[in-house]
Structures are given as C-alpha cells and as structure tokens.
Amino acid sequence: MAYEAGRKGLSFNRFPHHSIIYSSEIRSTTDEIISRLLNKTTDDPLIVFVCGAKDSGKSTYLRYLINKCLSQTNFLPKITFLDCDIGQSEFTPSGSISLINNLTEPLFGPSASHLKKPLKSFYFGNIKVDNDKILNYLNYVKLTYDYIKNYQHDLLVVNTMGWGSDTGLVIMKELIDLLQPTILIQLRSSSPHFRHIMPDINPQWSINAPISNIYRQTNKISLNYSYNKYDYNLLLTPVRQHNYGKSNLTRQACLWSYFSQLEIKQLIMKPLIDYIDHIEILQFEKIGIGLLHRQIEPKYLLQVLNGSIVALCRIRNDMLCHTSNSFPGLIDERANVECLGFGFIRSIDMTRHEIHVIIPDRSIPKTMINALIKGYDDCPDEFYFMSIDRWRGYMPPYVTGIFNSTM
C-alpha cells in the first residue's frame, strides 16, 4: 500500500493496485502527532481519539497512523489500541470492546488480515447500542480502560463507532469525558452526496453535548462534568472511487479469519464440523449459557445455541444460577461478560449433559471458560453448507434439503 501526496484528502490513483494518496494536511497532522509522541516528557500516554461518520475513512487512517508510528527508526513506541467500534472492529470479530497491546508490525490490509488476541475484551454481543444498553456499553469501555492503566504504554489509539446522531452522540460525549484524549481526529468525507452526518466534535461541542444520566449516576460522575481540553483536528477525505464490500461481508471475513486457525496444514479449510481434534467438552454443571439482546424462554436456549457461533466467556461465579445438573446455568443479566474468544457449538448431548464446542484458539484454558453466550453475528452461510456431499447426498447437521419459499 503506497502513500503519496495529494491536493485534497485521500484518494485512489488510477493504477491497478489503487495506491492511497494522502493530502499534505493529513500527513502534517500525523507528523505532528508523531512529533509529540517522540518529545513526550511524562510517562502518561498520548491519547489519540479517532472519530467520524460511517464510511469516512477511520479504519484506513488508523492503519496509516499506526504504520507511521512504527516506521520511526530511532524510537519504537509502545502502542495500545482501544477498540470501541463494536460494528467494525479492527483486530477482533465484531461485537466486543477490546484492548490490543504490543502492536509491533505494520498493517497492510483489511481487519481480517491482522486479527490479534486482545489483552482484555468484553462481549457486548451486538453491532449497535440500543438506548437501554448504553449503560452496559459504557461500563465495558470503562472496565477495559481501567485495566490498561496498569500497563506502561506510549500511545493509546481509540477507535469509535461511526454513529453521528442521537444515542451515538451521547456515547461519543461519555467516551471523551472518560478517556480524556490528548488529540481528537475527526474524519469527514468531502463528497457533496455523503449521507452520514456528524457534527464537529470540537471542544465547544463537548461543553453542551448530551449525556447519559443513568451512566453518570451509576458511576457517581457529576452531571455537570465535561472534558474539553483536547486538540481538535478535522480532516477531509475525498469521494470513494471503489466499493470494497458491505459491512456485513467485512464482519464475515473476520469470522473466517478467526476460524482459519483450525487449519494449520492445508490452504483450504475442511468443513467446520470435521475439526474433531479441536472439540472441547463442557459439562452442563460447570457452564452457563446466555442469549444477548433477545428474549427467549430458558428451556429453548440449548436449541437456539446449537450449531451457532458463541463467545467463550468468563463471568463471576455468583452471576451463574444453576438449578439442575441436567441443564446449564443461567447468566444474571447484570454480569460483566469477559470474552476469551469464540467457538462453534457442534453438538449437545442431553444424555451425558455435555456441550461440544469447536474452539480454534487452543491457547484458551478450558478451565477459564464458564459461559457460552450467543449474540448478534453475521455467521457465513458456508459454515453450514461447506460440508454438503453432493455425490452421496449427505447433508451436514443444522441444514435441511427441504426449503419452504413461503417462510
């Protein structure tokens, strides 16, 4: 990926490899960030908060910023990445608030090409935040940010959601007050037809921005508190000349990338259910199950979870309610759900009271997993259909050959 000087924003040239052209304004702003990083006189990290409406170029700029920092020959900064974008996460499958540290390698492709194991992650389980879930979302960000305070780092880069109205602005305001950024970078498309709108998130906006009363009251934060001592930079990006796919395809690509850990010998993955060497057996009596952002009678939970991608989680034991050894525990809705990774429920044995989970990341200690939680996911259809044997007429589990067009 080549970076070249341009007149306005960033654009793509007409060569087949579509080199990215950055404006002098974007380059000079980034150079100023690096200069401040190099000349830092305290142990406090430089906090760079990047925001912008959907499709404004946040992901591209974040990679550019990290790559520029890593390209310094006389100084290798300790970079930490706080990902608050649950819809388009940069280093993990979507749906989590995650903390990535020790970034030492440049990023040359989309998020699916550089997934990393987070230092700490909490599973929100959705790609958007409903009004009644603001408290959960902000509490997870706070827990994650509090955790990184125990680690030494030079630069904290914050990725945010591209939600520029209503609840999105409330979240933006609370994130600014919580994280207290040194520098705020706002990206905006210069296209006259750009339909995603976000106001200028400058210090003046922060003074009068809407807040979340329930979050502040719960965490004993003054309703009048407002942080506005950050340096504000608005950078314009040009019209997109190429369509690289929809958001749901990007999320699916990340899931493919994550589950590709299963295949270490071949270039082509086998059907997912064939990776029997990666099955972990979890006993009902030692595990809790849950479904986020949807209501269902507990007796149907196992049917819903079977054949699904689930988050492998750890919660406090007092947040698990076991009423019988013949059924997994139920999870208290107040539980803070720490995400250890992801897996695929291959089968459930009701006789032996076991859940069989395919887990790609073998470094996760089985003893740490005490909850399996299903949230929103863009599970690729191929996860189910890739094992169809058309010669022998074999259909994989969870898939039927009967199709009702009226359903």
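Some observations on this one:
- Near pairs, Cβ below 8 angstrom, 6+ apart or cross-chain, from segment 339-364 (among the charged types (D, E, K, R)) to any residue that is loosely packed, with under 15 Cβ neighbours inside 10 Å: 346/397; 354/281; 354/283; 361/117
- Cβ-Cβ under 8 Å pairs, at least 6 apart or on other chains, segment 112-123 side of a type in the set (Lys, Arg), far side surrounded by fewer than 18 Cβ atoms within 10 Å (Cβ to Cβ) and in a loop (DSSP other than H, G, I, E, B): 117/361; 117/363
- Among the residues of segment 59-82, some residue qualifies, meaning at least one is under 26 Å from residue 310 (Cα atoms), in the same structural domain as residue 35 (by TED's automatic domain parsing) and modelled with pLDDT of 95 or more.
- Applying the criterion of at least 3 residues that are farther than 21 Å from residue 296 by Cα, modelled with pLDDT of 95 or more and of a type in the set (A, V, I, L, M, F, W, C) to the strands (runs of 3 or more DSSP E) found wholly in segment 311-381 leaves 338-349.
- Selection count, segment 147-206, where residues are among the aliphatic types (A, V, I, L, M) and under 26 Å from residue 338 (Cβ atoms): 13
- Among the residues of segment 58-108, the one identified as assigned to a strand (DSSP E or B) and farther than 20 Å from residue 150 by Cα is 96.
- Residues in segment 280-300 that are of a type in the set (A, V, I, L, M) and over 25 Å from the mean Cα position of the chain (by Cα): 3 in all.
- Pair list, Cβ under 8 Å, 6 or more apart: segment 130-147 residue within 22 Å of residue 81 (Cβ to Cβ), other residue of a type in the set (Phe, Trp, Tyr): 136/124; 137/124; 138/215; 139/215; 140/122; 140/124; 143/122; 144/122
- Residue 390 under 19 Å from residue 118 (Cα atoms) and either modelled with pLDDT of 95 or more or of a type in the set (Lys, Arg) (or both): no
- Counting only helices (runs of 4 or more DSSP H) that fall entirely inside segment 164-277 and contain at least 2 residues that are charged (D, E, K, R), the qualifying elements are 167-179.
- Of the residues making up segment 110-153, those that are part of a helix (DSSP H, G or I) and of a type in the set (A, V, I, L, M, F, W, C) are 112, 134, 135, 138, 141, 143, 148.
The values are calculated or read from the model by the stated rules, or taken from the named source; none is laboratory data. What you are looking at is a predicted structure, and each value in this text was computed from that prediction instead of being measured. A quick note on method: Cβ atoms are made from the backbone with ideal geometry, for glycine too, and the neighbour counts reach across all protein chains shown.
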